[in-house]
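Peer 1: Take a look at this one; I'll ask things after.
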Amino acid sequence: MSAYNEIDTEITDRDCLVEALQELGHVVQVHETPVQLEGYHGDKRQQRADVIIPRRHVGSMSNDIGFVKGADGKYKAIVSDYDRSRYGDAWLNKVRQAYAAKKALKLAKHAGMRLVGHKEIPTAKGKRIQYVFQK
Amino acid sequence: MAKLIVEIDEQGNTSLDVVGAEGTSCQDLTKAFARMGKVVKDRKKPEFYKKSGQVKVSRGR
């Protein structure tokens with residue numbers, strides 16, 4: 001049985017997290033209250049999450065990947081040791097970036113700002129995303 | 001018209017840059033983004049210290 005790891009994030013907005021995961025191509029389940037994650041045998045694990053990438057969409061021998069909100073309002077990612085090779089820091093950084101992009105667009109819209117520019121700048125480590133807003 | 005440039009790096013860190021605003025009006029544009037997360041650096045550009053609407057006067061001899 002592969003042990004689960006909890007990784008801190010600054011993510012607080014569930015809707016933006018779900019949109020970010022979907023943009024990265026993941027199938028996502030959302031639960032109003034956290035449910036137990038499933039291991040690759042279908043076994044229920046003690047870790048619970050409210051945003052889940054089901055194991056069958058993670059990999060053939062994989063465990064569920066989950067996100068659960070902590071008492072501080074920030075989500076923790078829950079990823080098994082087995083899946084950390086594919087869904088490690090590099091993957092989590094992509095989630096953080098996609099989330100930040102969704103959150104920026106949402107906050108700007110709420111503030112009555114208009115998107116007047118959007119660029120994705122390729123870098124050695126991936127890409128930087130740039131938005132230009134006007135009020 | 002003032003513009004707000006939002007840049008998100010490869011780790012998901014966000015930086016905000018206001019262009020074309022003088023004085024504290026730049027903060028009106030950035031305050032909406034307070035909920036993006038913890039601020040780790042806040043650098044005010046020289047324009048921040050100019051009064052909004054200030055008329056630049058040159059004096060000759």
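The values are calculated or read from the model by the stated rules, or taken from the named source; none is laboratory data. Since the structure is predicted, the reported quantities are computational estimates derived from the model, not experimental observations. Here Cβ is always computed from backbone atoms with ideal geometry, including for glycine, and neighbour counts include all displayed protein chains.
Peer 1: I need the full set of residues from the range A:3-42 which are more than 14 Å from chain B (Cβ to nearest Cβ), closer than 22 Å to A:Asp72 by Cα and either of a type in the set (A, V, I, L, M) or in contact with a Ser or Thr (Cβ under 7 Å, 6 or more places away or on another chain) (or both), in order please.
Peer 2: A:Tyr4, A:Val18, A:Val30, A:Val35, A:Leu37 - these are the residues of the range A:3-42 that are more than 14 Å from chain B (Cβ to nearest Cβ), closer than 22 Å to A:Asp72 by Cα and either of a type in the set (A, V, I, L, M) or in contact with a Ser or Thr (Cβ under 7 Å, 6 or more places away or on another chain) (or both).
Peer 1: Considering each of A:Leu37, A:Leu17 in turn, give the residue that is assigned to a helix (DSSP H, G or I), modelled with pLDDT of 95 or more and under 16 Å from the mean Cα position of the chain (by Cα).
Peer 2: Criteria check complete, one pass: A:Leu17.
Peer 1: Regarding the range A:46-64, can at least one residue be identified that is among the hydroxyl-bearing types (Ser, Thr, Tyr), in a loop (DSSP other than H, G, I, E, B), within 23 Å of A:Leu107 (Cβ to Cβ) and in contact with a strand residue (DSSP E or B) (Cβ under 8 Å, 6 or more places away or on another chain)?
Peer 2: No, that holds for no residue.
Peer 1: Given the conditions (1) within 9 Å of another protein chain (Cβ to nearest Cβ); (2) out of contact with any Asp or Glu (no Cβ under 9 Å at 6 or more places or on another chain); (3) within 24 Å of A:Thr12 (Cβ to Cβ), which single one is not true for A:His118?
Peer 2: All conditions are met except number (1).
Peer 1: Any residue at all in the range A:100-112 that is within 11 Å of chain B (Cβ to nearest Cβ), at pLDDT below 95, outside any helix (DSSP H, G or I) and closer than 25 Å to B:Ala32 by Cβ?
Peer 2: Checked against the condition, which is being within 11 Å of chain B (Cβ to nearest Cβ), at pLDDT below 95, outside any helix (DSSP H, G or I) and closer than 25 Å to B:Ala32 by Cβ, the range A:100-112 yields at least one hit.
Peer 1: Looking at the range B:10-51, which of its residues are touching a Ser or Thr at 6+ places or on another chain (Cβ under 6 Å) and in a loop (DSSP other than H, G, I, E, B)?
Peer 2: The answer is B:Glu22, B:Gly23.
Peer 1: Please specify each residue of the range A:96-112 satisfying the condition of being of a type in the set (A, V, I, L, M, F, W, C) and either over 19 Å from B:Gly37 (Cα atoms) or touching a helix residue (DSSP H, G or I) at 6+ places or on another chain (Cβ under 6 Å) (or both).
Peer 2: A:Ala98, A:Leu107, A:Ala111
Peer 1: For the range A:17-64, give me each residue that is under 25 Å from A:Gln97 (Cα atoms), without any contact (Cβ under 8 Å) to a residue 24 or more places away in the chain and surrounded by fewer than 16 Cβ atoms within 10 Å (Cβ to Cβ).
Peer 2: A:Gln22, A:Gly25, A:Val30, A:His31, A:Glu32, A:Arg56 - these are the residues of the range A:17-64 that are under 25 Å from A:Gln97 (Cα atoms), without any contact (Cβ under 8 Å) to a residue 24 or more places away in the chain and surrounded by fewer than 16 Cβ atoms within 10 Å (Cβ to Cβ).
Peer 1: Output the number of the condition that A:Tyr75 fails; it satisfies all remaining conditions of (1) of a type outside the set (A, V, I, L, M); (2) more than 9 Å from chain B (Cβ to nearest Cβ); (3) touching a Lys or Arg at 6+ places or on another chain (Cβ under 8 Å); (4) surrounded by fewer than 16 Cβ atoms within 10 Å (Cβ to Cβ).
Peer 2: (4)
Peer 1: Which of the following residues is of a type in the set (D, E, K, R) and facing chain B (nearest Cβ under 9 Å): A:Arg96, A:Arg56?
Peer 2: A:Arg96
Peer 1: Please state which one of A:Tyr87, A:Tyr75 is of a type in the set (Phe, Trp, Tyr), touching a strand residue (DSSP E or B) at 6+ places or on another chain (Cβ under 9 Å) and farther than 17 Å from A:Ala3 by Cα.
Peer 2: A:Tyr75
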